[in-house]
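Taking it in order: structure first as structure tokens, then the write-up.
The values are calculated or read from the model by the stated rules, or taken from the named source; none is laboratory data. From a predicted model like this one, the values you see are computed outputs, not experimental measurements. All Cβ positions, glycine included, derive from the backbone under ideal geometry; neighbour counts span all protein chains shown. For accessibility, only protein heavy atoms count, side chains too; no ligands or nucleic acids. Shrake-Rupley method; radii C 1.70, N 1.55, O 1.52, S 1.80 Å.
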Amino acid sequence: VTFTITALPSTPVAADIAAGNFQTVTAGALYGAPISVRVSDQYGNVVPGVAVTFVPGTGASAFSDTVVVTDAAGLASTTPTATTFAGTAIVEASVAGVGTVQFNVTITPAAIATLVYQSGVIIGTAGELLPGFQFQARDQFGNWLD
């Protein structure tokens, strides 16, 4: 006689960042790597079949998927598109009854699209050396480039 025993994980109690934290992304671009959350039970066993909801926070304007069910490895992943605003950003993932984890992202300006005049002499005499001009570069979303 052969008996087969299958141990199943218990109720999820933890959600942790598995991958994708601390990325640097260009404004308006798809993240370079997916963000992933691992869901586990009180014994550290991964829990498949759990819905993870990804929330834009201040760091994404769209996701490839907003609600993802954990796979056999207890992982749920999505690939966000960055907002058009450069700066520090946060993307959140939440699991009902467990809590929320936050991904920290740095969004950098896109390529230079325009130069905005700031100061300097713009009228002079032919052959005269003019003092320096000051321009500020902006990307297509209006972010200032340093």
Flag if Val68 is in a strand (DSSP E or B), free of Cβ contacts under 8 Å to residues at least 24 places away in the same chain and of a type in the set (Val, Ile, Thr): yes
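Of all residues in the range 42-55, which are outside any strand (DSSP E or B) and open to solvent by 50 Å² or more (accessible area, probe 1.4 Å)?
Gln42, Tyr43, Gly44, Asn45, Pro48, Gly49
If you check Ala73, Ala60, which single one turns out to be touching a Ser or Thr at 6+ places or on another chain (Cβ under 8 Å), of a type in the set (A, V, I, L, M, F, W, C) and either modelled with pLDDT under 85 or part of a loop (DSSP other than H, G, I, E, B) (or both)?
That would be Ala60, the only listed residue that is touching a Ser or Thr at 6+ places or on another chain (Cβ under 8 Å), of a type in the set (A, V, I, L, M, F, W, C) and either modelled with pLDDT under 85 or part of a loop (DSSP other than H, G, I, E, B) (or both).
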Selection from the range 12-58 of residues that are of a type in the set (S, T, N, Q) and without any contact (Cβ under 8 Å) to a residue 60 or more places away in the chain: Ser36, Ser40, Gln42, Asn45, Thr53, Thr58
Number of the condition not met by Gln136 [criteria: (1) at pLDDT 90 or above; (2) assigned to a strand (DSSP E or B)]: (1)
